[in-house]
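Scroll down for the structure; my scribbles are underneath it.
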Amino acid sequence: MPGDDLTRLRIAITAFFALDGFVFAGWVVRIPAVKEQIGASAGDLGLALLGVSAGAVITMTLTGRLCRRFGSHPVTVVCAVLLSLSVALPPLTHSVLALALVLLLFGAAYGGMNVAFNSAAVDLIAALRRPIMPVFHAAFSLGGMVGAGLGGLVAGFLSPTRHLLGLTVIGLLVTAAAGRTLLRHQPPAPADLAPSEGRTPRLPKTRGQGRGRGLVTVFGLIALCTAYGEGALADWGALHLEQDLDAHPGVAAAGYSCFALAMTVGRLTGTALLQRLGPVRTVMAGGATAAAGMLLGSLAPSVWAALAGFAVTGLGLANLFPIAVERAGALAGAGGVAVASTLGYGGMLLGPPAIGFMADWYSLPTALTSVAVLAAVASVIGCAIGIGARRAAAVRP
């Protein structure tokens, strides 16, 4: 495929990553208004929000098959249309049941789109032979920051119905512009080039074999460890700062912003880091950095030290999920992306309630150290993968 076509594909896929984060964040900032509109209690809202999770997990397990049958590009476009249309539905509901049903559709589109555009990104990365997956995920993070910021600005004078309808229009316009590129081009074939000297050894090509399936699951566990931390900090970081460290509510709210901004910066620099260290050492270093940062963030006696810990955690976790998804896709195609994404999303769902239970049993700072433990586990898994890859290379004739 000509270089110009690859560049156009890269821009289009980046646009879908950014759109996904933008639309999802736009919905999240209007949850309080929708809750008030339908008169839901906190418990009822929690049950309704499970629709997003259920829809995403169910669809993620199916999208790999759809991508193999129809191609990741058409599936990405279809899911983007469904996501853009379904985000306008929550403000139109007037009961918890109706909200749960439309969120099931929204979650299904969100989960399917995640698997599809990650699969498209894996194919492009194989053709380019450059580790640019972190850049795509940085676009998702930037889209989320813009979507949340814009939602906060318009919340004072736009109703949820008009705001989310505006997201539908923007989503359909971006899909129309970027989708044409995807639909005109088949996923590129990987370049058959030798690995560069001085890089971390490439993992053995075991697609379709038992070892390959096992490695896909292992990479999914790395994604789970990473997403667990993201979910935990999103839901509990501000409360820890305000409740345990007596931070002002405004300062406490900045806790997750520090984490998210650091994660975005880490992903923007992730390609250079991967080219320098390779995927295995990047996972090892990232997991160890996140573990140290979260120990500081959860156990520090001052607000500013905790904020610094959150930022260090974001830098450490930034590239673990992109690496896990890209490696799983390289081993098993769209099915591998689906497995890693599903496990990762499961970690994001597991994190907040697990932290809550542990906080009841012990304390919130102690519970948050579980993020450090799982980050360290990801680092150890990366080390084990590297040792296995080197042994496999040593015995290869």
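Run lengths n ≥ 4 of DSSP H only: what is the helix-derived mean residue ellipticity at 222 nm for the chain, with -39500 (n - 2.57) per run over all residues, to the nearest 500?
Numbers: 13 runs with 327 residues, N = 397.
Theoretical 222 nm ellipticity from helices: -29000 deg cm²/dmol.
Projected onto the charge dipole of the chain (+1 at Lys/Arg Cβ, -1 at Asp/Glu Cβ, origin at the Cα centre), which of I125, G107, I31 gives the Cα projection farthest towards the positive end?
With unit charges placed on the Cβ atoms, the residue in question is I125.
Could I have the simple spin-label model distance between T61 and R180, label points 7 Å from Cα toward Cβ, reported in nm to one decimal?
It works out to 3.9 nm between the two label points.
For mean projected area of the Cα convex hull in nm², pick the label among (1) 16.1; (2) 19.0; (3) 21.1 that corresponds to the value derived from the coordinates.
Correct label, based on the coordinates given: (2).
At q = 0.10, 0.12, 0.20 Å⁻¹, what base-10 log of I(q)/I(0) does the Debye formula yield for region 3-184 when every alpha carbon is treated as an equal point scatterer in vacuo?
-0.39, -0.55, -1.32
Could you run the Debye sum over the Cα atoms of region 1-78, one equal point scatterer each and no solvent, and tell me log10 of I(q)/I(0) at q = 0.15, 0.24 Å⁻¹, two decimals?
The Cα Debye sum returns log10 ratios of -0.75, -1.17.
May I ask you to derive the FRET efficiency for L158 and R129 from their Cβ-Cβ distance with R0 = 41 Å, giving the value to the nearest 0.05? Please report the intermediate quantities before stating the final value.
Working: r = 45 Å, r/R0 = 1.10.
E(calc), rounded to 0.05, equals 0.35.
So how many Å³ per residue does the convex hull of the Cα atoms of region 31-134 work out to?
Values: hull volume 10.7 nm³, N = 104.
In region 31-134, the Cα convex hull volume per residue is 103 Å³.
Work out, step by step, the length gained on full extension between A98 and L173: first 0.36 nm times the residue separation, then minus their alpha carbon distance; give nm to one decimal. Intermediate results must be reported in sequence, preceding the final value.
Details: separation 75, 0.36 × 75 = 27.00 nm, distance 2.73 nm.
In short, 24.3 nm is gained.
By what distance, in whole Å, do the Cα atoms of region 277-378 stretch along each of the three principal axes, largest value first?
45, 31, 17
For region 259-309, what is the convex hull volume of its Cα atoms per residue in Å³?
On the way: hull volume 3.3 nm³, N = 51.
Convex hull volume per residue, Cα atoms: 64 Å³.
I'd like to compare 298-308, 356-366, 139-149, 77-87: which one has the highest average count of other Cβ atoms within 10 Å, and what's the full order after that?
So the order, starting with the most tightly packed, is 77-87, 139-149, 298-308, 356-366.
Are there DSSP H segments in the chain that both extend 15 Å or more along their axis (alpha-carbon positions) and score a mean Kyte-Doolittle hydropathy of at least -1.0? List them, or say none. Write down the numbers at each step before the final one.
Numbers: long enough: 3-28 (38 Å, 0.93); 42-70 (41 Å, 0.97); 72-86 (21 Å, 1.64); 96-128 (47 Å, 1.87); 133-154 (32 Å, 1.40); 160-184 (35 Å, 0.90); 210-239 (44 Å, 0.79); 249-268 (29 Å, 1.10); 270-299 (34 Å, 0.88); 303-317 (21 Å, 1.80); 320-361 (41 Å, 1.01); 364-395 (48 Å, 1.61).
Membrane-span-like by this rule: 3-28, 42-70, 72-86, 96-128, 133-154, 160-184, 210-239, 249-268, 270-299, 303-317, 320-361, 364-395.
Using the Kirkwood formula over every pair of different C-alpha atoms, what hydrodynamic radius in Å results for region 210-395?
On the way: mean 1/r = 0.0610 Å⁻¹.
Result for region 210-395 stands at 16.4 Å.
Ordered by residue, what ³J(HN,Hα) values in Hz, to whole numbers, does region 240-248 give under the Karplus form 6.51 cos²θ - 1.76 cosθ + 1.60, where θ = phi - 60° and Gly and Pro are x?
Residue by residue, region 240-248 yields 4, 5, 7, 7, 8, 10, 6, 6, 4 Hz.
Based on the Cβ-Cβ distance from V373 to A285, what FRET efficiency comes out when R0 is 22 Å, to the nearest 0.05?
Details: r = 17 Å, r/R0 = 0.79.
Efficiency, from the Cβ-Cβ distance: 0.80.
Run the dipole for the chain about the Cα centre, Lys and Arg Cβ at +1, Asp and Glu Cβ at -1, nothing else charged, and hand back the magnitude in debye, nearest 20.
Numbers: 25 positive and 15 negative charges, 361 e Å.
Using Cβ point charges on Lys, Arg, Asp and Glu, the chain gives about 1740 debye.
Where a number appears in this text, it was derived from the coordinates with a stated rule and is not lab data. Note that the structure is a prediction, hence the values are computed from the model and not measured. Because the Cβ atoms are built from the backbone with ideal geometry, glycine has one as well, and the counts that use them run over all protein chains shown.
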